1. Looking at (1) within 26 Å of V371 (Cβ to Cβ); (2) in contact with a Phe, Trp or Tyr (Cβ under 9 Å, 6 or more places away or on another chain), which is the only condition W513 fails?
2. S206 - would you say it is surrounded by fewer than 23 Cβ atoms within 10 Å (Cβ to Cβ), more than 26 Å from the chain's Cα centre (by Cα) and over 19 Å from E159 (Cβ atoms)?
3. I need every pair where a residue in segment 409-430 that is in contact (Cβ under 8 Å) with a residue 24 or more places away in the chain has its Cβ under 8 Å from the Cβ of a residue that is surrounded by fewer than 23 Cβ atoms within 10 Å (Cβ to Cβ) and among the hydroxyl-bearing types (S, T, Y), sequence separation at least 6 or different chains.
4. Among (1) over 22 Å from L400 (Cα atoms); (2) in contact (Cβ under 8 Å) with a residue 12 or more places away in the chain; (3) assigned to a helix (DSSP H, G or I), there is one condition S496 misses while meeting the rest; what is its number?
5. What about L403, is it in contact with a Phe, Trp or Tyr (Cβ under 7 Å, 6 or more places away or on another chain) and either hydrophobic (A, V, I, L, M, F, W, C) or at pLDDT 95 or above (or both)?
6. Only helices (runs of 4 or more DSSP H) wholly contained in segment 369-483 count here; list those with 2 or more residues that are charged (D, E, K, R) and surrounded by fewer than 20 Cβ atoms within 10 Å (Cβ to Cβ).
Amino acid sequence: MPTAGASSPAPPAAAAAAASASHRRRRSSRRRHPPPQRQPWCCSFALDPLSAAVHRSSPLPPRAAPSKHAAAAPPLSRRMRSPGRVSPIDDQACAGAASASSSARLSSVSECPPPPLPPPPPPRPRPPTRTPAVETLRLRLVSKGVVLEVAEVERVRAECKVVGRILGGGGGEVAVEGKVEVEAIREAVEMMLEDADEAAAMRRLSRAGVARAIGVLEVSFSLMFDRGVTNCLKYLEAVPWNEPEEEKIKSLLSQYPCNRSVSQDLFARLQPQEPSSSSAELVVELMDSITKGTNNNARKDLRTLVDGILSRTSIYIKSDEELDMKSIYSICHSCLNSLVELFGEASDLGSSGKTTISVGKGPHERICKQVENLAWLLQILIDRQMGEEFVDLWANQKTLTSLHQHVSPMVRYELSRISATIFIAMGSGKLHCTGSSRLGIFEAWFRPLLVDFGWLRKCPKGLNMATLEDGIGQALLTLTLKHQQVLFMEWFETFSGQGRECPNLMRAFQVWWRRSFVRSLGSSSSSS
């Protein structure tokens, strides 16, 4: 059987040896060529992470071709482990390709110029610049931050001396300082641009009102606008003002000089040129007119008006000028003379058998009127500390005291109203009378007052009965102890018969008793 030319397969032992030798060669090759070091990844907005890692790594030496038993390398995109590192690249071809692509990308970025910026927007056309120094007048209100432009510079410069002095022959800007209302200066400028028509100016100011006219007057004074000053003064002279507006007008006229012939009528409204009489003399004339009036309601209102003028805190009195005491007492004498005549008529009626008089008719109404006048005048004299003479005057009315008992009680008790006012003032210390004056008033009017006290209680007409009782007792205690005893004994007898129809003077009686007997006995016993 032929055997030449036939090759037998290698034994299994030889194949295993060859495979082991190949494996050792690969391991030794890997030891001789260590893998490249891993480079950290730096974030860059110019390159992607992959290109940056490839570009920074050093080129690898060529390797032996992998064996067919080695697993196929995964694609490049799957070898990225984290944003901070990149796995080593084993494939030299892939590394070369990546390096080439990176170089191409970098060269294209460095060579290409940046994209051109968008062209800037075209500048907006500016409005044509004005030349206010030549064409317009600008009035700048400093406190308001407002600018008023006027085109007719020539008319304003001709009317306003200040503008003509500052700007000269052209336009420009004038700063107006101070608290100036915009509408006031607008009215003044429009008045400059109008024709010199006084009626039109009066209508314009009338539409604006008094307050606006005062503002226009102030602007006209400041800008030396003479026609505006004249129009405002003529308008203000013809219209009424309130008190704040009056004070503003006075202030303007005192600050700025003006034509006296134009403002003469206005000054006559503000202050009298030649006062004919003083305020004190006028007040006395008013008092005399009130006492002679016939309407009771009007007289009452006018008395309240004069009391307000005479008050120490009155806003109508600016000086400390005192009233003429003689003139006031002259009015008192006139009222007393009328009162005596009326009581004479009442006593004649009483003697004829008519013991009643209708209230509000005949002499009773006129008696009430004169008593009210005397009580009012007496209160003014007491407040002015001039009432001591009235005490003597009232104590010497012998005719009235004699007629008192012949007149009806509903008429005669009016006289006790004046006596009550005197006793209250004496008991409170408002009247500083001498001892003889105090004794005279008690001797003349104490007994009539005890008789009329019941009628005063029924018709007090403003009298406080408790104050009256206290005033009578305190005034009585200012007399000597001898005179006090006589008067207190008379009161004791009357009070025991009339009760509450008589004033209650028990407290003052106790004081007199202690002073007269208890204290005197104590002093005498201690001395013995």
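1. The number of the failed condition is (1).
2. Answer is yes for this residue.
3. Note: pairs meeting the criteria are M410/T356; I424/T467; M426/T478.
4. Status for S496: all satisfied but (2).
5. Yes, satisfied.
6. The qualifying helices (runs of 4 or more DSSP H) are 388-395, 435-458.
Okay, residues lined up against (1) within 20 Å of E159 (Cβ to Cβ); (2) crowded, with 16+ Cβ neighbours inside 10 Å; (3) aliphatic (A, V, I, L, M); (4) outside the structural domain of M191 (by TED's automatic domain parsing):
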residue: L223; (1), (2), (3), (4): yes, yes, yes, no
residue: D226; (1), (2), (3), (4): yes, yes, no, no
residue: L233; (1), (2), (3), (4): yes, yes, yes, no
residue: A238; (1), (2), (3), (4): no, no, yes, no
residue: N242; (1), (2), (3), (4): no, no, no, no
residue: K248; (1), (2), (3), (4): no, yes, no, no
residue: Q255; (1), (2), (3), (4): no, no, no, no
residue: R260; (1), (2), (3), (4): no, no, no, no
residue: Q264; (1), (2), (3), (4): no, no, no, no
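The values are calculated or read from the model by the stated rules, or taken from the named source; none is laboratory data. These figures come from a predicted structure and were not determined experimentally. So basically every Cβ, Gly included, is an ideal-geometry build from the backbone, and we count neighbours across all protein chains shown.
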